[in-house]
Amino acid sequence: MSAKDSMAKEYFADNARFADLCNNILYGGREVIRPENLKERDTTEVLTALGLDKKTIAMQKLRDIFKNASIKYTGKSYVVLIGVENQSDIHYAIPIKNMFYDVMAYGNQVKETAKKHRKDKDTTTSDEFLSGFTKEDKLIPVITITVYLGTKEWDGPRKLSDMFGDVDEELRPFIPDYRINLLAPREITDFTGFRTSIRQLFEVLKNAYDKEKMQEVLQNDEKFSRVDRETVEAINLFAGTDIDIDEKDEVIDMCKAWEEQKNEGRELGREEGRKEGREEGREEGRIRQAKVTALKLQKKGHSIEDIAECVDFDEETVKKWLVS
């Protein structure tokens, strides 16, 4: 399991974050699903089937996160099973992957119901006996949410039919489709519905491709002045930032840390340029060191404008260095 997979599972398994995520996807940000009404379920999906050789085949899949949600809404009570699948990269067969998880979850419910009927010997007809399921038995709905934690725009399929080639239009009504429930930060236009720090994570992921926009977000949203340690660690991992985290700090001022990092970068560029100039005393040495510094700052995500300011060269010159 990769570091990103492990981080995502641990991060969104927290009931408060999980509820916040589900409420935004399923209820438009209204606080319907409560953290205290979520219960962990076994993430291992196992389903058995009879193969062509009449032997039993066991299939096993491991979900990222799977919880039982008790919902009280509009004067009624509901139970639903909610799974979250985290994707740090675009998965071009995600409808199949999620559909398989859902089918296995429903299949397991039927299997457990049939097992109970066999134990209680309470089926009344041969149809019920063969089905393992009676007319009165009901399934618990299963919802799978895909959380895309990449910084690129999602260009993968959103439903099963997106994966088909040409299809006779007369046949389409007879072909079952499957739609994924996708959360892609680049597509979020309003973050005010989020009530936990996943808001800060998604805002950074949305703007990570543009350092100027990210600077604007950090400066204009006061919530970035108090971000929990786990969220900053997730931001560093998924957005590729390098925010310094003191071992003693559980709450980080990202606005301050970001500005300090930029200032350190500028000072590093100036100092290294001065040092090289003193050592070699020639313009060639200053240019050579400036190029090295520019590459270092580029890897840290600084903009062309910032790098040019740090190394005291014009932006066009810096651009030529970075593409050569």
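The values are calculated or read from the model by the stated rules, or taken from the named source; none is laboratory data. Given the structure is predicted, the values throughout are model-derived calculations rather than measurements. Positions of Cβ are backbone-derived with ideal geometry, glycine not excepted, and every protein chain shown enters the neighbour counts. To get the accessible areas, we keep the full protein, side chains included, count just its heavy atoms, and leave off ligands, DNA and RNA. Shrake-Rupley method; radii C 1.70, N 1.55, O 1.52, S 1.80 Å.
Among the residues making up the stretch 1-24, a single one is within 13 Å of the chain's Cα centre (by Cα), closer than 15 Å to Thr196 by Cβ and open to solvent by 50 Å² or more (accessible area, probe 1.4 Å): Glu10. Which of the residues belonging to the stretch 144-182 are crowded, with 16+ Cβ neighbours inside 10 Å and among the hydrophobic types (A, V, I, L, M, F, W, C)? The answer is Ile145, Val147, Leu149, Trp154, Leu160, Ile180, Leu182.
Counting the residues of the stretch 123-143 that are open to solvent by 80 Å² or more (accessible area, probe 1.4 Å), within 19 Å of Glu112 (Cβ to Cβ) and in a loop (DSSP other than H, G, I, E, B) gives 3.
For the stretch 79-133, a residue qualifies if it is within 20 Å of Asp177 (Cα to Cα), modelled with pLDDT under 95 and aromatic (Phe, Trp, Tyr), and the qualifying residues are Phe100, Tyr101, Tyr106.
Let's see how each residue does on (1) among the charged types (D, E, K, R); (2) under 24 Å from Ala13 (Cα atoms); (3) touching a helix residue (DSSP H, G or I) at 6+ places or on another chain (Cβ under 7 Å):
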| residue | (1), (2), (3) |
| --- | --- |
| Tyr92 | no, no, no |
| Ile96 | no, yes, no |
| Tyr106 | no, yes, no |
| Lys111 | yes, no, no |
| Thr125 | no, no, no |
| Glu128 | yes, no, no |
| Thr134 | no, no, yes |
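Hey, does the stretch 163-186 have a residue that's in contact with a strand residue (DSSP E or B) (Cβ under 8 Å, 6 or more places away or on another chain), touching a residue at least 12 places away in the same chain (Cβ under 8 Å) and small (Gly, Ala, Ser)?
First pass over the stretch 163-186, keeping only residues in contact with a strand residue (DSSP E or B) (Cβ under 8 Å, 6 or more places away or on another chain): 177-185.
Still in the list and also touching a residue at least 12 places away in the same chain (Cβ under 8 Å): 177-185.
From what is left, the residues that are small (Gly, Ala, Ser) are 184.
Yes, that holds for at least one residue.
Does Ala234 meet the test of being modelled with pLDDT of 90 or more, closer than 21 Å to Glu10 by Cβ and among the small types (Gly, Ala, Ser)? Before you say what the answer is, go through the steps one by one.
Working: modelled with pLDDT of 90 or more: yes; closer than 21 Å to Glu10 by Cβ: yes; among the small types (Gly, Ala, Ser): yes.
Answer is yes for this residue.
Among the residues of the stretch 188-230, which ones are surrounded by 17 or more Cβ atoms within 10 Å (Cβ to Cβ), part of a loop (DSSP other than H, G, I, E, B) and of a type in the set (Val, Ile, Thr)? Lay out the reasoning, then the answer.
Filtering the stretch 188-230 for residues surrounded by 17 or more Cβ atoms within 10 Å (Cβ to Cβ) gives 191, 194, 196-208, 211, 214-215, 217-218, 224, 227.
Add one more test, that the residue is part of a loop (DSSP other than H, G, I, E, B), and what stays is 191, 194, 196-197, 208.
Once the filter is applied, which keeps residues that are surrounded by 17 or more Cβ atoms within 10 Å (Cβ to Cβ), part of a loop (DSSP other than H, G, I, E, B) and of a type in the set (Val, Ile, Thr), the stretch 188-230 yields only Thr196.
Residue pairs whose Cβ atoms lie under 7 Å apart, sitting 6 or more positions apart in sequence or on different chains, and linking a residue in the stretch 68-88 that is over 25 Å from Tyr148 (Cα atoms) and of a type in the set (A, V, I, L, M) to a partner that is open to solvent by less than 10 Å² (accessible area, probe 1.4 Å) and assigned to a loop (DSSP other than H, G, I, E, B), are Ile71/Ile33. When Gln261 is tested against (1) closer than 28 Å to Ala184 by Cβ; (2) modelled with pLDDT under 80; (3) in contact with a helix residue (DSSP H, G or I) (Cβ under 9 Å, 6 or more places away or on another chain), just one condition goes unmet, and that condition is (3). On the stretch given as the stretch 231-241, residues that are on the phi < 0 side of the Ramachandran plot and open to solvent by 20 Å² or more (accessible area, probe 1.4 Å) total 3. Whether any residue in the stretch 152-172 is touching a Phe, Trp or Tyr at 6+ places or on another chain (Cβ under 9 Å), in a loop (DSSP other than H, G, I, E, B) and of a type in the set (A, V, I, L, M, F, W, C) is what I want to check. Yes; the residues of the stretch 152-172 include at least one that is touching a Phe, Trp or Tyr at 6+ places or on another chain (Cβ under 9 Å), in a loop (DSSP other than H, G, I, E, B) and of a type in the set (A, V, I, L, M, F, W, C). For the stretch 210-229, the count of residues that are in contact (Cβ under 8 Å) with a residue 60 or more places away in the chain and touching a Ser or Thr at 6+ places or on another chain (Cβ under 9 Å) is nonzero.
Just one of Arg30, Arg17 is part of a helix (DSSP H, G or I) and either out of contact with any strand residue (DSSP E or B) (no Cβ under 8 Å at 6 or more places or on another chain) or at pLDDT below 95 (or both); which is it? Spell out the reasoning first.
Working: Arg30 fails: part of a helix (DSSP H, G or I).
After applying the criteria, what remains is Arg17.
A single member of Tyr209, Tyr148, Tyr178 is hydroxyl-bearing (Ser, Thr, Tyr) and within 15 Å of the chain's Cα centre (by Cα), and it is Tyr148.
Figure legend. Inter-residue proximity from the stretch 231-246: first residues farther than 16 Å from Asn207 by Cα and assigned to a loop (DSSP other than H, G, I, E, B), second residues modelled with pLDDT of 80 or more and among the hydrophobic types (A, V, I, L, M, F, W, C), beta-carbon distance below 9 Å, spacing 6+ or different chains. Indicated pairs: Asp244/Ile252; Ile245/Val232; Ile245/Ile252; Asp246/Ile252.
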